[in-house]
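Colleague: The structure's right below; bear with me while I get my questions together.
The values are calculated or read from the model by the stated rules, or taken from the named source; none is laboratory data. Keep in mind that what you see is a predicted model, and the values were worked out from it rather than measured. So basically every Cβ, Gly included, is an ideal-geometry build from the backbone, and we count neighbours across all protein chains shown. Protein only, heavy atoms only, side chains kept; ligands, DNA and RNA dropped before computing areas. Shrake-Rupley method; radii C 1.70, N 1.55, O 1.52, S 1.80 Å.
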Amino acid sequence: MITLTLLSGTSPAAATTHQPDAAQPASARQVDAAGAFTAVVDFPSLVTRDVGKSKCEFRVAGTLTFTGTLEGVASGTTTALIDAPCPEALNNPPGTFRDVFRSESTFVGTVDGVPVTGDLSYAGVTRPGGSIDANIRLRADRAKAELRTVDAQLGVGGTYRGVAVIKA
């Protein structure tokens, strides 16, 4: 049921609508989020592609396992643009060269104890030596989270901090 409310001195065209209480968004609560994650890279799935003469694109499957406010597993694919030609990138240990990456995954688990399934993206920069500066964003059926890596290492994992919003 939609109710039209006409205020004195306004025309019907300027009227506003009011949603009934049943259609109002579910209540939500915000929590500080913190925890750790581990990374497992499926190296046999690695596909490379030269990008110009000085860069290489890596595409690889992997899994992130979260503990803390987020508890669960995100499985998907990471694409990284590495600042080195493919022969050099392949013949050196991971993290030797700077790269910009984005992982797109499906997260299954809980956020502050609430069961969720949704899309998780993990995107940022890997510096020479393997340290990572990145954002983690979860968009799930019953929760959202915006996180930053605090201490992360390529192919290992790290810690995260941020905010999660859970729908009741």
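Colleague: Using the heavy atoms of the protein chains and a 1.4 angstrom probe, tell me the accessible area per residue for the range 12-168 in square angstrom.
Modeller: 55 Å²
Colleague: Using a 1.4 angstrom probe on heavy atoms only, work out the carbon and sulfur share of the accessible area of the range 32-164 in %.
Modeller: 55 percent
Colleague: Choose one of L70, S103, P85: the residue whose Cα lies farthest towards the positive end of the charge dipole of the range 18-168 (beta-carbon charges +1 Lys, Arg; -1 Asp, Glu; about the Cα centre).
Modeller: P85
Colleague: Add +1 for every Lys or Arg and -1 for every Asp or Glu among the other residues with Cβ under 12 Å from the Cβ of E146, and state the total.
Modeller: So the surrounding residues net to +4.
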